[in-house]
Amino acid sequence: LPMSLLCFCALIVVVSLLSMEGQKLSCGAGPVHVVLEPDHPLLLECHLGASEPPLNVTWLRDGAVLSESQTIRPLPNRSLLISPSSTDGHAPAGVEGGYSCLSTSSTGALTSRALTLHLASLSRFLQDPEPQVVPVGGTARFECYVDGLPTPSVTWEKDQAPLPSPTEPLEPSRYISLPNGVLQILGVTKEDKGLYRCVAFNSARKRFSQEASLTVSPDHIETQSLSTQNGKPIATDVVVLATNLVIPDTRSHHAGVYVCRANKPKTRDFVSSPAELRVLAPPVIFQPPEAVSLSRGNTARFVCNSSGDPPPALRWLKNGEPVQSNARVKTQNPGVLLINQLRLDDAGYYQCIAANSLGTACATAKLSVIVREGLPSPPRHVSAIPHSSTSALLNWDPPEHNSDQIIGFSVHYQCTAGSDNMEYQFAVNNDTTELHVKELLPHTAYTFYVVAYSPMGASRPSQPVTVETLEDVPSASPQLSLLSTSPTDIRAMWLPLSSQLSRGAITRYRIDYRALEQVDHIYSVEVGGNETQVTLRDLKPNQTYQLRIVAGTRAGFSQSSEWASHHTPNLTQVLFAPTELKVRAKMHSLHVTWQPPPNHTQITGYKLSWRELDGEELPNEEKPMINERIQQIKLRKRVKHHEVTGLAPDQLYEVKVWAFNKQTEGYPAVWKGRTEKLTRDSLPPLPPISIRARANSSTSIWLRWEKPHFSNVRIINYTIRCSPAGLRNASLISYYTSSSQEIFLESLKPFTSYEIAVQSKGVDMSGPFSSTVEESTLPDRPSSPPLDMQLSVLDSYSVLVSWRPPLEPNGVILTYWILYTGNMSHPDHLWINLTHDGSVTSAEAQGLMSGTRYYFKMGACTEVGVGPYSPVKDVYTPPKKYGVYVYVKVFTLFVECMVFLRVCVQGLYYVSVVTIYLVLCSIALASLINLFNL
């Protein structure tokens with residue numbers, strides 16, 4: 001396109017920060033920011049809407065109780081007055097922060113949403129206008145940027161005077177000043193030449209930018225522009241200012257992609273530029289929790305659903321404090337709070353708070369716990385003893401009071417430690433005071449308590465008791481990793497077993513080994529339970545050995561691992577480690593040098609690897625590390641140095657260099673050390689801010705962020721780190737690079753929560769990663785069918801179908817579809833479909849025909865749809881069994897018919913009667929034959 005064809009298009013959304021003299025703090029929707037302006041005192045009122053009058057109102061700032069000062073004064077009506085200046089006339093110090101109020105009554109406490117207070121301010125110009133050279137008839141564009149609270153107003157001056165107005169009353173102005181600090185001069189003439197500057201002001205102060213010159217050249221240019229929204233004409237409430245779109249009051253229908261297209265008149269030349277507008281919305285709670293009154297021992301369930309963009313984060317408060325999840329109290333998505341085995345101290349006010357960057361919404365519900373007269377006292381003398389590695393015996397005595405009214409007991413238990421806080425319970429009869437609890441985990445501590453029930457309700461829980469199940473033999477053996485450090489030894493390494501697999505304290509390991517040529521001669525070495533490696537010495541070079549390992553607790557040894565093979569090096573083919581390995585550490589790099597090994601004539605080249613180590617430097621006897629990220633390169637034989645770059649400052653690293661040839665690899669030379677610490681003169685760029693993730697589909701997420709407000713280095717691009725939430729495996733972490741402030745992450749797993757962080761990168765250094773944001777991909781159809789479908793015949797007319805959930809459900813399984821037919825050639829829509837709830841794993845197919853072969857297949861269904869069907873399996877329903885009585889009756893009928901036929905032959909009856917009996921005899925004979933065949 002010709003260089004003279006230009007396109008100046010801007011999408012302007014007018015947004016103003018909240019600034020007011022009075023503000024009510026309540027448990028409802030509202031703003032999250034307020035500005036304290038000069039000469040405008042701020043009054044904060046506490047309106048929490050409790051059912052009974054508050055006994056006390058406490059004001060908090062950043063969670064701490066607020067004390068009275070010259071600028072902050074509580075009023076008798078429980079309001080808070082904040083003055084905009086101190087007695088000396090200067091702006092008050094220490095008033096900025098998040099303000100909230102706490103109202104306490106006899107029932108409980110309520111807290112308001114937090115309101116962040118900012119002092120009015122106006123920064124220096126962060127961007128000044130730049131000189132412009134524009135041809136006659138073209139468009140000049142100046143831009144400035146200043147930050148401030150409240151949002152500053154921006155005007156422009158030419159030659160330190162206001163911009164000239166149109167000469168005619170109805171003539172449109174050629175000077176367009178946009179809210180984002182942009183000045184456009186349309187149809188530039190020679191009279192527009194001059195010096196332009198930006199003027200910004202708010203209630204804090206007024207500032208002038210640097211001046212920028214406009215030079216008008218004699219060339220001439222004409223352009224035409226057209227703007228569209230999502231390929232359609234723009235909305236009628238959007239203001240078009242020449243080549244600009246201004247949306248004064250954004251609404252949800254304004255969201256979309258806007259395209260500005262500039263055409264050169266009388267040609268087909270054009271340029272276009274798209275911009276996406278996302279309209280954000282503050283939180284709204286459309287389903288608030290409801291107040292409930294329940295008896296002690298029951299379950300309370302609060303539901304709170306909200307909407308907003310960005311999607312608001314939900315949290316629960318009880319009496320103004322965050323709800324702590326435990327075995328009884330659990331939070332479930334979306335917005336569900338469950339409280340099991342209600343106690344008296346569970347009563348109070350529960351608040352659901354939804355918050356995003358635009359505001360906060362809050363809803364309150366009151367929980368009352370009712371205790372009736374005549375309830376039994378708690379069970380006494382609860383004791384528990386381990387019975388085996390997977391069971392415990394629990395005993396207790398009946399309650400001291402009202403024990404004659406007991407109708408039953410409930411036994412509750414959970415793991416004492418660990419992340420599994422699931423509570424299990426059993427109900428037993430009133431004549432039972434002991435329970436054999438089975439299916440526990442070996443070598444695990446459990447806490448038990450017992451609750452008594454009468455027709456009036458539940459007792460208080462008994463005193464808890466803790467018991468640890470006995471140890472068991474490990475359920476698995478470690479996996480061996482083998483290497484040789486010389487031709488006559490093998491180093492065996494392994495990782496410790498998890499607590500689920502060890503099932504007790506590992507006290508020892510036994511390593512068995514044998515030469516492949518002498519499999520009947522097995523040798524063993526035992527090491528302590530804290531060891532994770534052992535070196536077998538005095539072996540033969542160039543021999544194949546087999547090794548296996550078993551782990552032992554006080555209960556015994558586990559099953560042996562599979563034999564692992566390893567070939568010791570040939571004595572004549574050994575490549576020794578490089579010599580004189582030296583590493584010069586810098587802040588972001590390591591300069592590695594070395595000399596060839598003694599037998600350097602046998603080598604082809606070198607390999608160099610490096611990795612980042614966690615924690616302090618490891619001891620000389622190196623242990624295998626989990627989740628390490630090793631980088632490795634190959635180097636030519638004549639290369640004896642290499643620069644490792646892109647490292648982090650003050651971080652522990654390990655470097656290995658070893659020789660190799662076509663037959664084998666040599667022993668490594670190893671260095672461990674730290675990079676230089678960061679100095680003030682080389683600070684890394686700050687991490688991005690306002691990171692927002694939004695699921696786009698079942699396999700993709702949109703990620704957007706903003707530049708840090710202040711940065712001492714120029715940011716050239718960004719690194720994005722993405723991994724499934726909760727996993728620590730480095731092989732599952734993906735890294736992406738983006739030169740813009742957004743990226744479209746693809747090829748993700750459906751219905752999976754991902755942790756994402758973004759890092760700013762300068763010219764020669766990288767900054768720290770930002771805090772992680774978590775987002776889940778959308779659900780999808782299951783990508784695998786239900787597992788292990790089994791068909792069991794119950795009788796001649798019904799079949800039991802059992803299965804296991806699919807390996808890749810890609811969402812919450814809502815239903816299972818069981819399809820069956822007697823004709824396998826039928827299409828799917830002609831098969832009979834049985835639908836069952838997604839929580840079951842077995843079902844009966846009833847009303848079948850006896851003596852028939854049926855074909856079954858099944859699929860799992862999420863909210864998106866049904867996944868693939870399992871392989872077809874067939875089953876044969878047995879024929880119906882007949883009793884002895886039926887055989888006798890049919891046989892008797894047949895005999896009577898034969899006797900009557902003999903009489904008929906003698907001519908004693910008419911022909912018509914004979915015919916009827918012939919038919920009856922035939923039926924009896926056919927039935928008899930059929931019965932014997934069955």
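Any read-out appearing in this document is the output of simple, stated calculations on the displayed coordinates, not a laboratory observation. As the structure is a computational prediction, the values presented were derived from the model and not from experiment. Cβ coordinates were reconstructed from backbone atoms using ideal geometry, including for glycine residues, and neighbour counts include every protein chain displayed.
General observations
- Where labels lie 7 Å past Cα in the beta-carbon direction, separation of Tyr876 and Gln741 in nm: 7.3
- Partners for Lys880 among lysines (Cα-Cα distance below 21 Å; same-chain residues under 8 apart left out): Lys889
- Gyration tensor verdict on the range 689-775 (Cα atoms; rounded if a/c is under 1.5, prolate if a/b is larger than b/c, oblate otherwise): prolate
- Loop-located trypsin sites (Lys or Arg not before Pro) across the range 80-156 with a Cβ neighbour count of 15 or fewer within 10 Å are Arg124, with loop assigned by DSSP.
- Rounded if a/c under 1.5, otherwise prolate or oblate - the range 526-566, Cα gyration tensor axes: oblate
- Loop-resident trypsin sites (Lys or Arg not before Pro) (DSSP state other than H, G, I, E or B) in the range 310-377 with no more than 12 further Cβ atoms inside 10 Å of their Cβ: Arg372.
- Between Gln631 and Ser217, full extension at 0.36 nm per residue minus the direct alpha carbon distance yields a gain of 143.3 nm.
- What separates the Cα centres of the range 423-468 and the range 384-398 is a distance of 10 Å.
- Global geometry of the range 772-818, whether rounded, prolate or oblate, following the gyration tensor of its Cα atoms and the 1.5 cut on a/c: prolate
- Net charge over other residues, Cβ less than 14 angstrom from the Cβ of Asp192 (K, R count +1; D, E count -1): +2
- The GluC sites (Glu not before Pro) found in the range 754-839 include none that occupy coil by DSSP while having at most 16 further C-beta atoms within 10 Å.
- Multiplying the residue separation of Arg315 and Leu241 by 0.36 nm and subtracting their alpha-carbon distance yields 22.2 nm.
- Listed by chain and number, the lysines placed with their C-alpha closer than 21 angstrom to that of Lys318 are Lys330, Lys366; residues fewer than eight positions away on the same chain are left out.
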